[in-house]
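So the structure is just underneath, and the comments pick up after that.
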Amino acid sequence: MLLIILISVAVIVFFAGNTVRIVHFLRMPTPLRWELYPIPKGPRARQRYGGSYFEQSDWWTKSHDTGRAGELAFMAKEILLLRSVWENFRGLWLWSWLLHWGLYFYLLTTVVAILAAVLRAGSFRLLHLAVLYGSPLACSLGVAGSLGLLVMRSLHPRLRGYTTRSSVFNLTLLGAAFVTGLLSLSDGAGLDGLVRVLLRSPASLGHYGKISQAHLALVAFFLAYFPFTHMTHAYMKYFTWHGVRWNDSPAIRDPQAAMRLAASLQREVTWAATHIAAGGPAKWSEVASDPGGRGAGRA
Amino acid sequence: MRKIGDIASRTGQLTQVHNLAPLPPPYDRVEDLPARKKLKQEVLDRIDTSLDGFSALGLSRPQTPEEERKFIARFLSGLEKLLSADNNWAFLEPLNLSLDHCARCQSCVEACPIYTASGHDEVYRPTFRNEVFRRLVNQYHKSGGRALAWLKGEDIELNAATLCRLLESAYRCTLCRRCAQACPMGVDNALLTREIRKLFSMEMGIAPKEIHDKGSMLQLRTGSSTGMNARAVRDNVAFLDEEIRDQTGLTIETPWDKEGADVLLIHNAGEILAWPENPMAFAIILEAAGISWTMSSDLAGYDSVNYGLWYDDAQFARVAVRQAEAARKLKVKKIVLGECGHGHKASMVTADRLLCGDLNVPRESALVLLRDIVISGRLTLDPSRNDFPVTLHDPCNMVRMMGIVEPQREILRKICPQFREMTPHGVDNYCCGGGSGFALMSGYNFADWRFSVAGRMKLKQILNAFADCPSPAVKKYVCAPCSNCKGQFRDLFQYYGVWEKSGILYGGLAELIVNAMADIRQPFIKWEFH
Ligand code: SF4
Ligand code: SF4
């Protein structure tokens, strides 16, 4: 029963925590532009060398590619192949790739298992087979990845000084979840069995062995812990890449820009340096239109 | 190996610059280099050099516990503001994104020219200062942060030494954003570094004199960070018009404040004083191509620099607005930014969402206009006049941060038969080492650091680009279409004796075009180092 409560709470925390996080960022004021090239937009030839619409004369009179195809293709390589790590830290890549694919497969097989359970898919043998093989594959990749990363993080001179207790904790947690996931195959009915029981007759969870229960407890803990860690990069990349790094959308084309700016300029500035608002708090609009050049006060 | 927590050590210097990446001969002979500047004991007693023995800011450490307490309190108050929407709406989102999502994977570190040039000194890792900053934010800003930091073993003592070193280290990064390109998470260490600088400037009033007092403050007072007021700039440009007549026989009168012109040209005003051949070349090209253009004598309307981009949002906004107002007043069709990288980015990108309605006068790069003129055939160009080895420096702000990569190359391929690329180049280029204000900063002993560390990878690249013709008898040209980069090259080349040892000159792009103009009698480029 305790396990059921733990899992239920974890799922709620997971969804609530991630939602709060996303909403928190969505509600932040529109920042100034801070893009970085290459940006996967515009003609292919230009993308290849990292060029932008600024290369055209009178660029504001020309149409721009605002499509997502380039971004999606780029992100697919980033997510599936961990391209940046491959290019910038080859030694880390294999272990990181294994761990990420372990997580992807685990997520996928869980979804398939849920589907099979919901569809009562005795006859959907394919789904059953996918989970049967997908789950040990996911856990094996995950075990190899987290172990490899733990070793790398402890020994590699580039990483050692930046390996914190939380990095060790995170990897150990993931490693333990994958190990128990693997062991639970011989202990119970495997991932599809666990998912089926959880969805259909949670009360009988107690019939499963200790390892399976430990696995579920670890996964539950991970779910509840996840929204509060940097691992949210899994989806926050949308903000960091699409929202900032690739956001080259010019204000001249954006009818909403003036409204957003007007709201921001009404905010009060309380920065204390004398050159900002020497006469006390002021609005940003006043600070920006102030001739400046006054205020000694440098420390 | 240095640990993150060492930043708080109350005594001693965190690192010493000694294990530098090797340079090719003859630049490998340390004994040929100027001796490093030795600071007098009285100066050392006064300023903080506990990061690496250098000082960019001449920061004085608090002397009494009371002073230290106040110093820390001001920092913490600044931290609150930095993380508030009211005070930092302009960068709050990217700041939080970069604070929260670093996986500490270190994929970014090898991309950093400072870190690699320093022989992988821990203190210059792109992640070092930002990990310190991240931990300070977590520990002192977030609720329950102290307990959590202690539990995670990530607590850092917040004392004067921590803060002095943190701020100095924010001026050991050129904001070139190579590291940001390498980060799989989209974390931007340069942005974090700028935010640290900003906190100290906007809350505590601490910034390098060269970019604040003698930079943005001076610009807002007089119209230009050079100190030239409207009258002085017009006089100086009139003198350049005469110079054009003397040198080329062409009669050009630079148009000032011409309402309704197609183009408002805004140079980095430093060019007019330090590299007058560049504004002269622009005047010659624009007149020869029949462009309707003008310059503005309004406050900041004749100086494209905006140093706030590197350290202070209020100063940034003030200058950006002044420049746009100058253009609006003249009712020009567009602003064309001269050869100044950070001026490009400040005006065309970062200020974009600050300028709404009729203040958002369209802004274009001079490289694009020059490319159009050259390719259109409006000038008679003779490439054989530029038949010497030429390589191209990519200013980070124009290239990595704006994607203006090809226009300058199209020009060089057309007019410079011996053009060759550096490795790496384009959006992967190395910073000249003068980025983010460094080209202007030489106080105390900072110049030694700028030349031996910050400019090292660039120098290596340039030498490699000309490896097939190393003799000083073969005159070579580094085309650097950015005023700050040229400032760095001038000082860097002088420090290493590059002109004498290798015959390498630096200069702008417009000069190469005029040098190739068949109807200009004498070569426009004078092979004199200055
Ligand atoms: S900034 Fe990016 S690349 Fe560098 S350590 Fe953090 S996550 Fe890794
Ligand atoms: S911005 Fe450039 S100089 Fe600064 S840490 Fe990153 S790579 Fe290094």
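Values quoted throughout were computed directly from the atomic coordinates according to the rules given, and no laboratory measurement underlies them. Just so it is clear, the model here is predicted, and its values are computed rather than measured. For neighbour counting, all protein chains shown are included, and Cβ atoms are generated from backbone atoms with ideal geometry for every residue, glycine included.
Annotations for the structure displayed:
- Ranked B:D188, B:D372, criterion: other C-beta atoms within 10 Å, fewest first: B:D372, B:D188
- Percent RCO, i.e. relative contact order, over region B:227-371, from Cα pairs under 8 Å lying at least 6 residues apart: 25 percent
- Exposure proxy ranking, count of Cβ atoms within 10 Å, fewest first, for B:Y311, A:Y225, A:Y133, A:Y106: A:Y133, A:Y225, A:Y106, B:Y311
- Two-decimal Rg to Rh for the protein assembly as shown - Kirkwood Rh, Cα set: 1.00
- Between B:L505 and B:K476, B:Y477, B:V478, the built amide H atoms are under 5 Å apart, and every one of these is 5 or more places off in sequence or on another chain.
- Taking B:I373, B:I284 and counting other C-beta atoms within 10 Å, the order from fewest to most: B:I373, B:I284
- The angle separating the long axis of helix A:125-155 from the principal Cα axis of greatest extent in chain A is about 60 degrees.
- Computed from phi, the 3J(HN,Hα) profile of region B:11-27 under the Karplus parametrisation 6.51, -1.76, 1.60 (θ = phi - 60°) reads 10, x, 10, 5, 8, 10, 7, 8, 9, 5, 4, x, 9, x, x, x, 7 Hz, with x in place of Gly and Pro.
- Rounded if a/c under 1.5, otherwise prolate or oblate - region B:227-371, Cα gyration tensor axes: prolate
- Label-point gap, in nm, between A:V9 and A:H207 - each point 7 angstrom along Cα→Cβ: 2.7 nm
- An ellipsoid equivalent to chain A, defined through the eigenvalues of its Cα gyration tensor, has semi-axes of 46, 25, 21 Å when rounded to whole angstrom and sorted largest first.
- Amide H contacts for B:I335 (H built 1.01 Å from N in the peptide plane; partners 5 or more residues away or on another chain; cut-off under 5 Å): B:L264, B:R363, B:E364.
- Relative to its residue count, chain B spans a Cα convex hull of 144 Å³ per residue.
- The dipole here belongs to the protein assembly as shown: it is taken about the Cα centre, uses +1 on the Cβ of Lys and Arg and -1 on the Cβ of Asp and Glu, and is about 2160 debye.
- Environment charge at B:E110 (Cβ cut-off 13 Å; Lys +1, Arg +1, Asp -1, Glu -1): +2
- For chain A, averaging the sequence separation of C-alpha pairs within contact (under 8 Å, six or more residues apart) and dividing by the residue count gives a relative contact order of 21 percent.
- In the structure shown, the pairs B:K475/B:K501; A:K283/B:K329; A:K41/A:K77; B:K258/B:K526; B:K209/B:K458 are assessed against 22 Å; a Cα-Cα span above that value is assigned to A:K283/B:K329; B:K258/B:K526; B:K209/B:K458.
- Restricted to Cα atoms, region B:117-177 shows a radius of gyration and a Dmax of 12.9, 39 angstrom.
- Stretchable slack from A:H156 to A:S140, in nm (0.36 nm times residue separation minus alpha-carbon distance): 3.4 nm
- Crossing angle, helix A:2-26 versus chain A [Cα axis fit, 0-90 degrees, rounded to tens]: 20 degrees
- The local environment of A:R267, defined by Cβ-Cβ distances under 9 Å, has a net charge of -1 under the rule Lys, Arg +1 and Asp, Glu -1.
- Efficiency of FRET from Cβ geometry, A:D58 and B:R521, R₀ 25 Å, rounded to 0.05: 0.15
- Crossing angle, helix B:126-140 versus chain B [Cα axis fit, 0-90 degrees, rounded to tens]: 50 degrees
- Per the Cα gyration tensor, region B:380-515 maps to an equivalent ellipsoid with semi-axes of 24, 18, 12 Å, ordered largest to smallest.
- For B:W256, distant residues with modelled amide H under 5 Å away: B:M295
- Dipole magnitude (debye, nearest 20) for region B:380-515, charges at Cβ of Lys, Arg, Asp, Glu: 140 debye
- Average beta-carbon neighbours from other chains, 10 Å sphere, peptide B:315-321: 5
- Normalised alpha carbon radius of gyration of region A:38-101 [divisor 2.2 N^0.38 Å]: 1.45
- Total lysine pairs whose alpha carbons fall under 18 Å of each other in region B:12-204 (8 or more apart, or interchain): 4
- Whole-Hz couplings from phi, Karplus 6.51/-1.76/1.60, listed for region A:157-170; x for Gly and Pro: x, 6, 9, 3, x, 10, 8, 9, 4, 5, 5, 5, 4, 4
- Normalising the average separation of contacting C-alpha pairs (under 8 angstrom, six or more residues apart) by the number of residues puts the relative contact order of chain B at 15 percent.
- Label-to-label distance, nm, for residues given as A:F228 and B:D28 (7 Å Cα→Cβ offset): 5.5 nm
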